[in-house]
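Everything below concerns the one structure shown next.
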Amino acid sequence: MVTFVVALVAATSRAFAFTGRLFLDFVLVSALLLGLFAAVVQLAVFLRTCRFGAEPKVPRTSATDLLMAYLAALFGPLLVAGFLPRVLAPEADGRGLDVVLLLVGVWFTTMPVQMFHAYAFRR
(Lines give C-alpha, C1' and ligand atoms only; values in the text may rest on other atoms or scores of the structure.)
Protein backbone atom coordinates (compact mmCIF):
# COMPACT_ATOMS: atom_id res chain seq x y z
CA MET A 1 0.00 0.00 0.00
CA VAL A 2 2.80 2.39 0.90
CA THR A 3 4.50 1.70 -2.42
CA PHE A 4 1.41 2.71 -4.30
CA VAL A 5 0.99 5.95 -2.34
CA VAL A 6 4.63 6.90 -2.89
CA ALA A 7 4.42 5.87 -6.55
CA LEU A 8 1.27 7.94 -7.05
CA VAL A 9 2.93 11.00 -5.52
CA ALA A 10 6.05 10.44 -7.62
CA ALA A 11 4.07 9.83 -10.80
CA THR A 12 2.31 13.17 -10.44
CA SER A 13 5.65 15.01 -10.25
CA ARG A 14 7.47 16.09 -13.37
CA ALA A 15 10.66 14.24 -12.44
CA PHE A 16 8.99 10.82 -12.66
CA ALA A 17 6.55 11.53 -15.47
CA PHE A 18 8.17 9.07 -17.86
CA THR A 19 5.36 8.88 -20.40
CA GLY A 20 2.99 11.67 -19.42
CA ARG A 21 0.16 9.21 -18.70
CA LEU A 22 -0.59 9.07 -14.99
CA PHE A 23 -1.59 5.42 -14.73
CA LEU A 24 1.33 4.16 -16.79
CA ASP A 25 3.78 6.32 -14.83
CA PHE A 26 2.22 5.04 -11.61
CA VAL A 27 2.73 1.43 -12.68
CA LEU A 28 6.30 2.12 -13.85
CA VAL A 29 7.31 3.87 -10.61
CA SER A 30 5.71 1.10 -8.52
CA ALA A 31 7.54 -1.57 -10.49
CA LEU A 32 10.78 0.40 -10.22
CA LEU A 33 10.51 0.74 -6.43
CA LEU A 34 9.61 -2.90 -5.83
CA GLY A 35 12.18 -4.12 -8.35
CA LEU A 36 15.00 -2.11 -6.82
CA PHE A 37 14.19 -3.39 -3.35
CA ALA A 38 14.00 -7.00 -4.57
CA ALA A 39 17.32 -6.57 -6.37
CA VAL A 40 19.00 -5.23 -3.22
CA VAL A 41 17.64 -8.14 -1.16
CA GLN A 42 18.91 -10.65 -3.74
CA LEU A 43 22.30 -8.89 -3.78
CA ALA A 44 22.53 -9.26 0.00
CA VAL A 45 21.67 -12.96 -0.25
CA PHE A 46 24.24 -13.44 -3.03
CA LEU A 47 26.99 -11.64 -1.09
CA ARG A 48 26.22 -13.66 2.05
CA THR A 49 26.32 -16.91 0.09
CA CYS A 50 29.63 -15.95 -1.54
CA ARG A 51 31.15 -15.00 1.79
CA PHE A 52 29.87 -17.77 4.08
CA GLY A 53 28.81 -20.52 1.68
CA ALA A 54 25.51 -22.33 1.53
CA GLU A 55 23.56 -22.25 4.75
CA PRO A 56 20.71 -24.45 5.89
CA LYS A 57 17.26 -23.49 4.64
CA VAL A 58 16.13 -21.42 7.59
CA PRO A 59 14.25 -18.15 7.37
CA ARG A 60 16.85 -15.59 6.38
CA THR A 61 15.09 -12.48 7.52
CA SER A 62 11.60 -12.05 8.83
CA ALA A 63 8.96 -10.36 6.74
CA THR A 64 8.64 -7.68 9.42
CA ASP A 65 12.33 -6.83 9.15
CA LEU A 66 12.10 -6.62 5.37
CA LEU A 67 9.00 -4.43 5.59
CA MET A 68 10.68 -2.07 8.05
CA ALA A 69 13.79 -1.84 5.88
CA TYR A 70 11.63 -1.10 2.84
CA LEU A 71 9.66 1.60 4.63
CA ALA A 72 12.83 3.17 5.98
CA ALA A 73 14.35 3.11 2.49
CA LEU A 74 11.27 4.86 1.13
CA PHE A 75 10.63 7.47 3.81
CA GLY A 76 14.18 8.28 4.92
CA PRO A 77 15.24 10.02 1.71
CA LEU A 78 11.81 11.68 1.46
CA LEU A 79 12.26 13.21 4.92
CA VAL A 80 15.81 14.32 4.14
CA ALA A 81 14.81 15.85 0.82
CA GLY A 82 11.80 17.54 2.37
CA PHE A 83 13.37 19.02 5.47
CA LEU A 84 16.98 19.75 4.50
CA PRO A 85 16.00 22.86 2.48
CA ARG A 86 13.84 24.05 5.39
CA VAL A 87 16.73 23.66 7.85
CA LEU A 88 19.11 25.51 5.53
CA ALA A 89 16.61 28.32 4.87
CA PRO A 90 17.29 31.65 6.63
CA GLU A 91 13.91 31.72 8.41
CA ALA A 92 13.85 30.44 11.99
CA ASP A 93 10.17 29.46 12.36
CA GLY A 94 9.85 25.85 13.44
CA ARG A 95 13.50 25.09 12.83
CA GLY A 96 13.75 22.81 15.87
CA LEU A 97 11.07 20.45 14.56
CA ASP A 98 12.61 20.57 11.09
CA VAL A 99 15.99 19.52 12.51
CA VAL A 100 14.39 16.64 14.43
CA LEU A 101 12.56 15.43 11.31
CA LEU A 102 15.76 15.76 9.26
CA LEU A 103 17.64 13.63 11.80
CA VAL A 104 14.86 11.03 11.73
CA GLY A 105 15.18 10.98 7.94
CA VAL A 106 18.94 10.46 8.19
CA TRP A 107 18.38 7.66 10.69
CA PHE A 108 15.77 6.03 8.44
CA THR A 109 18.13 6.34 5.47
CA THR A 110 21.02 4.64 7.28
CA MET A 111 18.89 1.84 8.77
CA PRO A 112 18.53 -0.25 5.57
CA VAL A 113 22.22 0.26 4.78
CA GLN A 114 23.15 -1.10 8.21
CA MET A 115 20.77 -4.04 7.81
CA PHE A 116 22.24 -4.84 4.39
CA HIS A 117 25.80 -4.73 5.73
CA ALA A 118 24.93 -6.82 8.78
CA TYR A 119 23.24 -9.52 6.72
CA ALA A 120 25.71 -9.66 3.85
CA PHE A 121 29.00 -9.41 5.74
CA ARG A 122 28.48 -10.54 9.33
CA ARG A 123 27.77 -14.01 10.57
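The values are calculated or read from the model by the stated rules, or taken from the named source; none is laboratory data. Everything quoted here is computed from the prediction, not taken from an experiment. Virtual Cβ from ideal backbone geometry, glycine too; neighbours counted across all protein chains shown. Protein only, heavy atoms only, side chains kept; ligands, DNA and RNA dropped before computing areas. Shrake-Rupley method; radii C 1.70, N 1.55, O 1.52, S 1.80 Å.
Going by accessible area, probe 1.4 Å, with all protein chains left in place, what is the ranking of 123, 14, 95, 21, largest first? Kindly include the intermediate steps, with their values, before the conclusion.
Details: 123 185, 14 225, 95 70, 21 165 Å².
Descending accessible area places them as 14, 123, 21, 95.
The long axis of helix 22-52 is offset from the longest Cα principal axis of the chain by roughly 40 degrees. Charged neighbours of residue 79, selected by a Cβ distance under 13 Å, balance to 0 (K, R count +1; D, E count -1).
The C-alpha atoms of the chain define a longest principal axis, and helix 95-121 lies at about 20 degrees to it.
Carbon and sulfur together cover what percent of the accessible area of the chain at a 1.4 Å probe radius? It would help to have the intermediate numbers written out before the result.
Working: 6250 of 8570 Å².
It is 73 percent, rounded to a whole number.
Between residue 19 and residue 46, the FRET efficiency from the beta-carbon distance, with R0 = 22 Å, is close to 0.10.
Basic side chains Lys and Arg get +1 at the Cβ, acidic Asp and Glu get -1 at the Cβ, and with that the dipole of the chain about its Cα centre reaches some 500 debye. In this view, the solvent-accessible surface of residue 19, computed with a 1.4 Å probe and all protein chains in place, comes to about 70 Å².
Taking the longest Cα principal axis of the chain as reference, the axis of helix 63-88 is set at about 30 degrees.
Counting only protein heavy atoms and a 1.4 Å probe, the chain has 70 square angstrom of accessible area per residue. Measuring with a 1.4 angstrom probe and ignoring ligands and nucleic acids, residue 65 comes out at about 70 Å² accessible.
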